[in-house]
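Here's the structure, in structure tokens; my notes come after.
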Amino acid sequence: MNLRKPVPIIMTIALLALIFIWLDHILAGNIPENAALKAFSGFFSLVGDGAVLFGVSALIYLSGYFKKKTALKETGREGVLAILLASAAVHLIKAAFERPRIAHGADAMGYLLQNTSVFDYSGRFNSFPSGHSAASFALAYVLAKKFPRFAVFFYAAAVLVAIARVGLGSHYPTDVLAGALLGLGAGYLILAKTGLREKWITAGLGLLIVFLSFFKTGGFLLFDVDEAVFSAAAREMVETGNLITPTYNFEPRYDKPILIYWFMSAAFKLFGTTEFAARFTSSLFGVLLSGMTFLFVKRLTGLTTALVATLALFVNLEFFVYSHSAVTDMTLAFFITASIFSFYMGTIDGKKRWFLGFWAASALAVLTKGAVGLLFPAVIAILYLALSKNLHRSKELFRPSYIGLFILIGAPWFIAQLMINGWDFFNAFIVKHHIKRYSGVISSHGGPLYYYIGVLLLGFFPWVAMLPSGVYRGFKQRHDAASSLYLLGAIWFIFVLVFFSVSRTKLPNYIFPLFPPAAILAGLVISDMAEKRAGRAPAYLLAAIAFVFASALFILPSLSLKMDVYLPPRFFYTLGAAFAAVALLTTFSFRKTLPSFLCITGVMVLIIVFLRLYALPPANIYLQKTLYDYSRYARAALPPDGVLATYEINKPSISFYSRRKIVKADKSDDCSINEYSKRTTTIVITKASAYEDLKDYNLRVIDSSGEYMLLGTDGLPPFKAR
């Protein structure tokens, strides 16, 4: 992977982003009311309007047409195309990020939860990125390339348009920066003369990756337990300034190492304590993981396989779930994947930097989730070398200097924790969350040996049908150098699958580190099918799986199953039709493999968007909305010395949304609630079924909704649901 060109560009963009985020905090809502500024901003906002710029480009084209000047005609045409392309990209990104306008930032969640449209037609939640900036910079790029003597003028005008959008209070500074970058990218693509196919495919793929990884990720409440507890701990890190020992409810939390809390707390500092910021780390690493996989596979096999493998990686349900979850899995998968990719590249060209990358990425993976961060890369590397009859090369990987780098990066925090918290840390982190979690069932999260087969069938659909063929070829042709990527993917996939299948504690997210190799195997198999180097068995298998899913979805409404969250019959029929479409499209893959799978990818994107719009919100409202409302009420109603308690429930979202330390009580110590209620203003959130235990205390019922109840002492204001 030649990173010499992209790295400086990425670093420059990252630096600009940090500067503009800083400007967000300074300028948002603080633009002074000034008649001259308002007039200036209004004028340049009009200049930068897409319709106006479209008209300017059309006039340039007509001028060239009537004057018979081909250069002017081309400039006008390319200006129109650049504006259209920039506008299309802007609207996709706007739909994904749903950023509230500055004037509508307060209490946006109620609207976002109920919004079942891809796009925001109200104009209140489409701030990022700026369409005016995108169109202005797109046209400026085209004009500057055609008339370089006036480049400064064109770009200055675009900058003034961007400043005007901020001056009007319509956009944050980061909105106009993102718009400017999209506009420049659109102009570059329109004017590109070489490598058009690769550039357009790469740009389109990148846009789709960002769209799905961030699609409405801030538009729903944090789910209990995992999302909320990670977010609450990161919020407390920001509040206390303790960057060494994570805490939840202001007590040490040893479940996971420190890196995820650093990332999430940094996001809170940058973007505020919001759902978007909580999930930003996972969404960002989803983009980075997809991009890294594309570059890796493209270097080794070419554009087509890289495209299909990358689509297989991020166009599936499990990737969408964990790019939209404030948990460790996407970040862990990125570092494990970076480590294994580095190892494989090192075996190909033998350069020292790749093996250094292996150990550095492994150390960061360990700092993300513990021992698996080193175990998986190291074992997979050794198995690959052994099965490819290159075990003698392991000494190149395990040099003392490389291991020293791993220790230098990964060890200091663990040493600090042992020095500060001693046995408590060792017992909780090593004994409970490593040994006991693997050898026993924690929190009732068990399952049969075949548990993850079901996870793969649903979570990695439709690409799961390619895996048997890919794994078989990987092991069968393990001594063939041309099949070495097959072998790496097969070893990686099987090892992670077997490792967690044997584990007593099972959760769907555990096997997420096998999704990158699974995606690579799928890309290789589909490419071989397209080149007639593989049989049709994977296509037959996919058609069968899709048919079974479609049949089940069509039958489900007639079974009259009791569901906590009501979904109308048409919801299941629509999904069933989508899966039936996949089965039908699979039959066309026998003749037109790549077009068929691209169409299947399109259907999967529609399925994911459909589920996000119509399944996630009602489930989120049912599970979290009442707790959210009660927590926000407690945050506003309680005085500084007041007490917020929970009884017989473990819901970390209460801590996150109330911004308070929680007194946790159960049947063994419920008297503590009674004591607090006699001394100070007290609010208790509990289940309605537990009210009998508390009804004799100095508490009244403030509200009851569904399975939860809000209790409080006298003098508290009435409750109003948001």
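Give K94/K199; K664/K695; K216/K720; K256/K667 a once-over and call out the pairs whose C-alpha atoms are over 21 Å from each other.
K94/K199; K216/K720; K256/K667
Quick one: which of 114-123, 537-546 comes out on top by average Cβ neighbours within 10 Å, and what's the full order, highest first?
Per-residue Cβ counts within 10 Å, averaged per peptide and sorted highest first, yield 537-546, 114-123.
In deg cm²/dmol, rounded to 500, what helix-only [θ] at 222 nm does the chain give when every DSSP H run of at least 4 residues adds -39500 (n - 2.57) and the total is split over its residues?
-21500 deg cm²/dmol
Please list, ordered by chain and number, the residues whose modelled amide H lies under 5 Å from the amide H of I702; skip anything fewer than 5 residues away on the same chain.
It is L710, L711, G712, by chain and number.
For segment 333-353 and segment 54-93, compute the distance between their C-alpha centroids and round to whole Å.
Spelled out, the Cα-based centre of one part sits 45 Å from the other.
What does the highest-first list of 407-414, 308-315, 321-328, 14-21 look like by mean Cβ count within 10 Å?
Order by mean packing, descending: 308-315, 321-328, 407-414, 14-21.
Take the Cβ-Cβ distance between A151 and A35 as r, set R0 to 41 Å, and report the resulting FRET efficiency rounded to the nearest 0.05.
Once rounded, the FRET efficiency stands at 0.80.
List F40, F512 from most exposed to least, where exposure is judged by having the fewest other Cβ atoms within 10 Å.
F40, F512
If we count other beta carbons within 10 Å of each Cβ, what is the order of E239, E78, fewest first?
The order, fewest Cβ neighbours first, is E239, E78.
Here are a few candidate values for Rg and Dmax of the Cα atoms in Å: (1) 28.4, 83; (2) 31.7, 125; (3) 27.6, 91. Which one was actually calculated from the structure I just gave you?
(3)
If amide hydrogens are placed 1.01 Å from N in the peptide plane, which non-local residues have theirs closer than 5 Å to the one on T682?
Placed amide hydrogens put V643, T713 under 5 Å from T682.
Please rank F334, F590, fewest neighbouring Cβ atoms within 10 Å first, as an exposure proxy.
Ordered from fewest to most neighbouring Cβ atoms within 10 Å, F334, F590 come out as F590, F334.
Can you compute log10 of I(q)/I(0) for segment 6-193 with the Debye formula, treating each Cα as one identical point scatterer, at q = 0.10, 0.13 Å⁻¹?
-0.43, -0.70
With contacts defined as alpha carbon pairs under 8 Å and 6 or more residues apart, what's the relative contact order of segment 235-354 in percent?
Relative contact order for segment 235-354 comes out at 21 percent.
Please report the antiparallel percentage of DSSP beta bridges with both residues in the chain, rounded to the nearest 5.
55
Just want to confirm a number: the relative contact order over segment 353-458, from Cα pairs under 8 angstrom separated by 6+ residues, in percent.
Result for segment 353-458 is 25 percent.
Would you give the gap between the C-alpha center of segment 369-405 and the C-alpha center of segment 135-198, rounded to a whole Å?
47
Taking a temperature of 10 °C and a viscosity of 1.306 mPa s, what whole-number D in µm²/s does Stokes-Einstein yield for segment 536-614 with Rh from Kirkwood over alpha carbon pairs?
Stokes-Einstein gives a translational diffusion coefficient of 119 µm²/s.
Of the beta bridges DSSP finds with both residues in segment 619-722, what % are antiparallel, to the nearest 5?
55
Every read-out reported here was derived from the displayed coordinates using simple, explicitly stated rules and does not represent laboratory data. Only a predicted model underlies this, so the values are computations on that prediction, with no experimental measurement involved. Virtual Cβ from ideal backbone geometry, glycine too; neighbours counted across all protein chains shown.
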